[in-house]
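Asker: Quick one: the structure is below, and I'll ask about it shortly.
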Amino acid sequence: MRDTAIEMAKRLLVDSIWKSANLEGLGTTFPKTEAILANAPTTTKTEEVLFVINMKRAWQFLIDNLDYDNNLMLLREYNKIVGELLFNYAGEIRTIPVQIGGTAWEPEIPHTGVIINVLEEIEKTEDVELRALKYFCYVARTQMFIDGNKRVAQLIANKVLIQNDVGIFQIPIEKLEEFKGLLLEFYETGEEQKIIGFMKEYCIKRVIRN
């Protein structure tokens, strides 16, 4: 059967949220994720419940607003949704230093004007898949928010792919450790070619064309 990207996103919603949770180190199982989304009884932590519910709301917002421009206001709204009740200053541009686990590298304090200019440049990328992956890289590495940056990076990558009916962005569980290693390397060097090559091969689930 041929999906559209929107249909694929809806059909694989539980799977996408489960994989996002594992990227964040929550270790939520697929059945637990499914149970939380179904409001069924399950033994889990409050943080995991909030993560899953917030991601469901963020995905719904994404799908309902596919025609909205890819800009800083949209990224801030994604962060506001994923961070509700989980961390302070959700949706606000970071003004204090943050540290990244696993590396001594520290991102600079972000500047709104610079972010806007870079996002405008990325939006000019003609290759849709490359544009989506460049958004992921920039949002993840810039750490423009106190927390939730990888979640926002995944959401904007998905929006670009879905609105162009390409497919969806997911990091496969079996490739998670390899991906994390490449992400740390990218944080430290700023060189995106290797991680983009990896994501293009393993992290885009494409709509099957007839």
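The values are calculated or read from the model by the stated rules, or taken from the named source; none is laboratory data. In this text, all values refer to a predicted model and were calculated from it rather than measured experimentally. Because the Cβ atoms are built from the backbone with ideal geometry, glycine has one as well, and the counts that use them run over all protein chains shown.
Asker: Go through (1) at pLDDT 95 or above; (2) touching a Leu at 6+ places or on another chain (Cβ under 8 Å) and name the single condition THR125 misses.
Answerer: THR125 satisfies all of (1) at pLDDT 95 or above; (2) touching a Leu at 6+ places or on another chain (Cβ under 8 Å) except (2).
Asker: Quickly run through the stretch 104-160 and pick out the residues that are part of a loop (DSSP other than H, G, I, E, B), surrounded by 13 or more Cβ atoms within 10 Å (Cβ to Cβ) and of a type outside the set (Phe, Trp, Tyr).
Answerer: Just the residues of the stretch 104-160 that are part of a loop (DSSP other than H, G, I, E, B), to begin with: 104-111, 124-127, 143-148.
Filter once more, keeping what is surrounded by 13 or more Cβ atoms within 10 Å (Cβ to Cβ): 105, 107, 109-110, 125, 143-148.
PRO107, ILE109, PRO110, THR125, GLN143, MET144, ILE146, ASP147, GLY148, listed by residue number.
Asker: Could you please give the count of residues in the stretch 143-162 that are within 14 Å of LYS205 (Cα to Cα) and over 11 Å from the mean Cα position of the chain (by Cα)?
Answerer: Looking only at that region, the number is 3.
Asker: When the stretch 38-58 is examined, which residues are found to be within 26 Å of THR112 (Cβ to Cβ) and surrounded by 19 or more Cβ atoms within 10 Å (Cβ to Cβ)? Steps first, answer last, please.
Answerer: First, pick out the residues of the stretch 38-58 that are within 26 Å of THR112 (Cβ to Cβ): 54-55, 57-58.
Result: ASN54, MET55, ALA58.
Asker: Right, here's the next one. Do you know which residues across the stretch 180-193 are part of a helix (DSSP H, G or I) and in contact with a Phe, Trp or Tyr (Cβ under 7 Å, 6 or more places away or on another chain)? Don't jump to the end; show me each part of the working.
Answerer: Of all residues in the stretch 180-193, those part of a helix (DSSP H, G or I) come to 180-189, 193.
Answer for the stretch 180-193, where residues must be part of a helix (DSSP H, G or I) and in contact with a Phe, Trp or Tyr (Cβ under 7 Å, 6 or more places away or on another chain): LEU182, TYR187, GLU188.
Asker: Those residues that are in contact (Cβ under 8 Å) with a residue 60 or more places away in the chain and part of a helix (DSSP H, G or I), I need them from the stretch 161-178; list them, please. Spell out how you get there, then give the answer.
Answerer: Here is the first cut: in the stretch 161-178, the residues in contact (Cβ under 8 Å) with a residue 60 or more places away in the chain are 161-168, 170-173, 176.
If the condition is that a residue be in contact (Cβ under 8 Å) with a residue 60 or more places away in the chain and part of a helix (DSSP H, G or I), then LEU161, ILE162, GLN163, ILE173, LEU176 are the ones that fit.
Asker: Considering each residue of the stretch 86-101, count those that are exposed (fewer than 12 other Cβ atoms within 10 Å of the Cβ) and either outside any loop (DSSP other than H, G, I, E, B) or of a type outside the set (Ser, Thr, Tyr) (or both), and give that number. Give the derivation first.
Answerer: Pass one, the stretch 86-101, residues exposed (fewer than 12 other Cβ atoms within 10 Å of the Cβ): 88, 95-97, 99, 101.
From the residues that got through so far, the ones that are either outside any loop (DSSP other than H, G, I, E, B) or of a type outside the set (Ser, Thr, Tyr) (or both) too are 88, 96-97, 99, 101.
Count: 5.
Asker: Next question. Given the residues THR33, THR103, THR29, THR95, which is the only one that is in contact (Cβ under 8 Å) with a residue 60 or more places away in the chain and among the β-branched types (Val, Ile, Thr)? Don't jump to the end; show me each part of the working.
Answerer: Working: THR33 fails: in contact (Cβ under 8 Å) with a residue 60 or more places away in the chain; THR29 fails: in contact (Cβ under 8 Å) with a residue 60 or more places away in the chain; THR95 fails: in contact (Cβ under 8 Å) with a residue 60 or more places away in the chain.
Being in contact (Cβ under 8 Å) with a residue 60 or more places away in the chain and among the β-branched types (Val, Ile, Thr) holds for just one of THR33, THR103, THR29, THR95, which is THR103.
Asker: Within the stretch 188-210, which residues are surrounded by 14 or more Cβ atoms within 10 Å (Cβ to Cβ) and among the aliphatic types (A, V, I, L, M)?
Answerer: Within the stretch 188-210, ILE195, ILE196, MET199, ILE204, VAL207 meet the criteria.
Asker: Right, here's the next one. Just the residues that are over 27 Å from ASN39 (Cβ atoms) and aliphatic (A, V, I, L, M), please, taken from the stretch 52-111.
Answerer: LEU72, MET73, LEU74, LEU75, ILE93, ILE96, VAL98, ILE100, ALA104, ILE109
Asker: Please find, within the stretch 64-96, the residue that is modelled with the highest pLDDT out of those that are polar (S, T, N, Q) and either within 20 Å of GLU24 (Cβ to Cβ) or touching a strand residue (DSSP E or B) at 6+ places or on another chain (Cβ under 9 Å) (or both). I'd like the intermediate steps shown before the answer.
Answerer: Filtering the stretch 64-96 down to residues polar (S, T, N, Q) leaves 65, 70-71, 79, 88, 95.
Cutting the leftovers down to either within 20 Å of GLU24 (Cβ to Cβ) or touching a strand residue (DSSP E or B) at 6+ places or on another chain (Cβ under 9 Å) (or both) gives us 79, 88.
On the way: ASN79: 98, ASN88: 93.
Checked the stretch 64-96; the qualifying residue modelled with the highest pLDDT is ASN79.
Asker: Additional query: Please specify each residue of the stretch 1-23 satisfying the condition of being out of contact with any strand residue (DSSP E or B) (no Cβ under 7 Å at 6 or more places or on another chain), part of a loop (DSSP other than H, G, I, E, B) and surrounded by 16 or more Cβ atoms within 10 Å (Cβ to Cβ). Outline the logic, then answer.
Answerer: We begin by selecting, within the stretch 1-23, every residue out of contact with any strand residue (DSSP E or B) (no Cβ under 7 Å at 6 or more places or on another chain); these are 1-4, 6-7, 10-11, 13-15, 17-23.
Then keep just the ones that are part of a loop (DSSP other than H, G, I, E, B); that gives 1-4.
Result: ASP3, single match.
Asker: Here's something else I'd like to know. Of the conditions (1) within 12 Å of VAL82 (Cβ to Cβ); (2) in contact (Cβ under 8 Å) with a residue 60 or more places away in the chain, ILE63 fails just one. Which one is it?
Answerer: Only one criterion in (1) within 12 Å of VAL82 (Cβ to Cβ); (2) in contact (Cβ under 8 Å) with a residue 60 or more places away in the chain is unmet by ILE63, namely (1).
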